[in-house]
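The next block holds one structure in the form of structure tokens; read it before the comments.
The values are calculated or read from the model by the stated rules, or taken from the named source; none is laboratory data. Note that the coordinates shown come from a computational prediction; the quantities given were computed from them, not determined experimentally. Reconstructed Cβ throughout: ideal geometry from the backbone, glycine too, with neighbour counts over all protein chains shown.
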Amino acid sequence: MIAPFTSSGSISETGALIAAPLIGVGFGWFLERGGLGNAPKLAAQFYLTDLRVFKVMFSALLTAMIGAFWLDRLGLLDLSLVSLPDTFLVPQAVGGVLFGAGFLIAGLCPGTTCVAAATGRVDGLGVLGGLFAGVIFFDLNYGRLEHFYLSTPREGFTLPHLIGASEGVTVAIITVVALAGFVLAERIERSRA
Amino acid sequence: MNRLHRTLAIAAATLGCTAAVAGRRPTTDPSVLATEIDRETDHVSALDLAEQIMRNDADLRLYDLRSAAEYEEFHIPRAQRTTVTDLTRTTLPANAKIVLYSTGGAHAAQAWVLLRMRGFRNVSFLREGAYEWTARVLQPQLAVDATAAERAEFERAKPMSRFFGGTARTGVARAEVLQGYWTGAANDGSSVTTAGATSVVRRQGC
Amino acid sequence: MNRSPKPYSDPYVAGVGLGAVLLGSYVLVGRGLGASGAFSSVVAAGAALTMGTERASSSAAMSPYLTHGFTSPLHDWLVLELLGAAVGGFLSAYFAGRLKVRMERGAHITSRSRLVWAVFGGVLMGFGAKLARGCTSGQALTGGALLSVGSWIFIATCFAAAYLLSPFAKRLWL
């Protein structure tokens, strides 16, 4: 198993820190290329006039998901060593709702905000300030929120476990659903044009 | 839908859907592991381990699978405390030399299987855990009626015992010599009294 | 430099590129992308700078970001990655002639209003991302591709909330 390189020893901890901004450059580049550094374009997603948020996000998700599955299957990448984000079911659902509301109002998310600010968009700076304020507000109220914040943990809970299918079948299902979504998105955009 | 989109869609559909019939990544064949277990190549002796530690082998990853209290009271130098669960998830270089030990050896043996299944090639464990370390490295004893083999092993252990701050003793009555599989004792350690074993460990005080 | 802005790339192509970067991250460093976590790091480091590491670490919310005493934000992977994202975004816009100092806003709203709403939206997202342990990059993209249930819950609730609230935000965008 050669990957993750940090696990097989090919990349040290320092190497990982060097890789971070390089990976980031790729991240920011493609976000901007896709038009996600522009708030009105992002918000158009929710008025069904420009569905690029969905297209970019799910194309990226499919690419990484299918790529990761096959690299693991071929023994090149040990997926069990790739960090899975934390899972806390209810806080994530509630956080998702708040985040979605903020996303609609701001027209930018944390990643795209940095891209927007870096490309001269002043509204991006506003969102940046708000993000810091939101984090600080959370930290100041942590005591009150802690119990809720730590509720319903489910470490390592993945879709295959939930639906009782293999990883491969899950990947296939998501692929089909996403592709159907793309077809639908094209139809919606065309009808709105 | 233009040509580019069609190409991307076909690629995604093909790769994504064949995933459904791709099965799982092949893990180490159980019969390979079974052979190693029968041949006892899954063990490492306390003396060999001591050598690795003294050599300051950079690839060595020594894991203690006992409780936090036991670890605090005494652990083999360079050992990190961990659990079987953490070992199945821990990030390690593929060429790591992993050595495990627990109290009796059960958890170490189980963790051995799981780590080998994960694909690590160089995994072994101390058959009689921390006790074996104490009895063979820290407090080696030479019986009055020692055989040549026992004498040779004692000579090998003496500098190690010194290095790790233990004491080697000669002229010990046969009945008092700490038993283990290396003295031909029964596999289940039934000839070792628990009190005797723990009192040896406690005397270390580190 | 006064070239006219080029149109954006095909979103599917940009998406595949983004996915390739994400996959590369899994392969190189065993983790995916992220953004909101960097904000937490910076806040924690800021707190440690102003009130001292001891006091800052005593906050249960911030202590995870200060495990090595005063962790300078520069030592945190996500912060470095996000700085890189700013550079990447800048470069892409530069080569496409899309660099522009302006307030992006809907057609029927003033710049001032836009700015106020932008800040407010940011506050909601900052708070929501803390609860959700991530944002669209860390949870939706990274976790989604790794099939994490929590990430997919986040995707669903995030988009659902935005769509359900969109009639009330028309003034901002349309």
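List of remarks:
- Any hit, segment C:74-89, residues being within 23 Å of A:Asp50 (Cα to Cα), facing another protein chain (nearest Cβ under 7 Å) and modelled with pLDDT of 95 or more: yes
- Within segment B:88-119, the set of residues being over 21 Å from B:Ile76 (Cα atoms), in contact with a helix residue (DSSP H, G or I) (Cβ under 6 Å, 6 or more places away or on another chain) and of a type in the set (A, V, I, L, M, F, W, C) comprises B:Ala94, B:Leu114.
- The single residue among A:Phe182, A:Phe148 that is modelled with pLDDT of 95 or more, surrounded by 13 or more Cβ atoms within 10 Å (Cβ to Cβ) and either more than 30 Å from B:Thr18 (Cβ to Cβ) or acidic (Asp, Glu) (or both) turns out to be A:Phe148.
- Number of positions in segment B:40-69 that are out of contact with any strand residue (DSSP E or B) (no Cβ under 6 Å at 6 or more places or on another chain), surrounded by fewer than 16 Cβ atoms within 10 Å (Cβ to Cβ) and not small (Gly, Ala, Ser): 8
- Residue match in segment A:131-143 (condition: among the polar types (S, T, N, Q), more than 24 Å from A:Ala39 (Cα to Cα) and facing another protein chain (nearest Cβ under 7 Å)): no
- Residue in segment B:14-26 that is at pLDDT below 90, farther than 30 Å from A:Gly67 by Cβ and not aliphatic (A, V, I, L, M) present: no
- Restricting segment C:129-150 to residues that are more than 15 Å from the chain's Cα centre (by Cα) and assigned to a helix (DSSP H, G or I), the residue that is farthest from B:Ala19 (Cα to Cα): C:Gly150
- Residue match in segment A:63-83 (condition: under 17 Å from the mean Cα position of the chain (by Cα), within 7 Å of chain C (Cβ to nearest Cβ), touching a residue at least 24 places away in the same chain (Cβ under 8 Å) and closer than 30 Å to B:Gly23 by Cβ): yes
- Among (1) within 24 Å of C:Gly15 (Cα to Cα); (2) at the interface with another protein chain (Cβ under 7 Å from one of its Cβ atoms), the one test that A:Gly124 misses: (2)
- For segment A:89-102, the set of residues classified as out of contact with any Leu (no Cβ under 7 Å at 6 or more places or on another chain), facing chain C (nearest Cβ under 7 Å) and touching a residue at least 24 places away in the same chain (Cβ under 8 Å) consists of A:Leu89 only.
- When the residues of segment A:142-193 are filtered to those that are among the basic types (Lys, Arg) and in contact (Cβ under 8 Å) with a residue 60 or more places away in the chain, the one that is farthest from A:Leu51 (Cα to Cα) is A:Arg154.
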